[in-house]
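Every number here is computed from the coordinates shown, using simple stated rules; none is lab data. Every value quoted in this text rests on a predicted model; they were computed, and no experiment measured them. For neighbour counting, all protein chains shown are included, and Cβ atoms are generated from backbone atoms with ideal geometry for every residue, glycine included.
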Amino acid sequence: MGAMNAPVLIRPAVPADAEALAALARRTFLETFGPQYDPADMTAFLDGAYSPAKQLEELENPAWVTLLAEADGEPVGFAQLVLGSGMPCVAGPAPMELNRIYALRATHGTGLGNALMEAVLAEALAQGGGTLWLGVWERNDRAQAFYRRWGFERVGGHVFRVGSQCDTDDILARPLQAP
């Protein structure tokens, strides 16, 4: 890939990033889950969740904070926080959802995921969060291990639907503590 030889910049995404963010989100979701779903279901999901218009809507929503990771000016990963978002199984104070955290497959093992998580935790604390929670596919062993290393523990579950297929996501949470 080459881009990871350059320093990575993690910055808040802005509305002008909607197209690039949509392309990155589609690519990372396909890299992670593509073989799991019927192609028609996957296309419909991507068109709904990761269209440029949907990304623009999220970027303009003050309750959403999107962090974009770039190397050599090219997007290589992103994370999205939803402020004030809770779930009944998340018992901690001032919950925030880590709605998405994805990096291009070519960057796996380079430390980008850790850098994104550090940025997410700092942003969540800066936004007044007390608890960070997320949903992760129960069979995504790589992500499950990553979140465990960051102190997340299972507190519940919910259904995640892609087209006609329903999967179970584990709900994981951890307290946010000032560094």
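Structure notes:
- Consider the stretch 39-58 and keep the residues that are among the aliphatic types (A, V, I, L, M) and crowded, with 17+ Cβ neighbours inside 10 Å. The one that is farthest from A20 (Cα to Cα) is M42.
- Residue within the stretch 59-78 that is in contact (Cβ under 8 Å) with a residue 40 or more places away in the chain, out of contact with any helix residue (DSSP H, G or I) (no Cβ under 7 Å at 6 or more places or on another chain), of a type in the set (A, V, I, L, M, F, W, C) and buried (at least 17 other Cβ atoms within 10 Å of the Cβ) present: no
- Some residue of the stretch 145-152 being farther than 22 Å from I10 by Cα, assigned to a strand (DSSP E or B) and of a type outside the set (S, T, N, Q): no
- Candidates are the residues of the stretch 135-151 that are of a type in the set (K, R) and within 13 Å of M117 (Cβ to Cβ); the one that is surrounded by the fewest Cβ atoms within 10 Å (Cβ to Cβ) is R149.
- Of everything in the stretch 110-134 that is assigned to a strand (DSSP E or B) and not polar (S, T, N, Q), the residue that is nearest to D169 (Cα to Cα) is L134.
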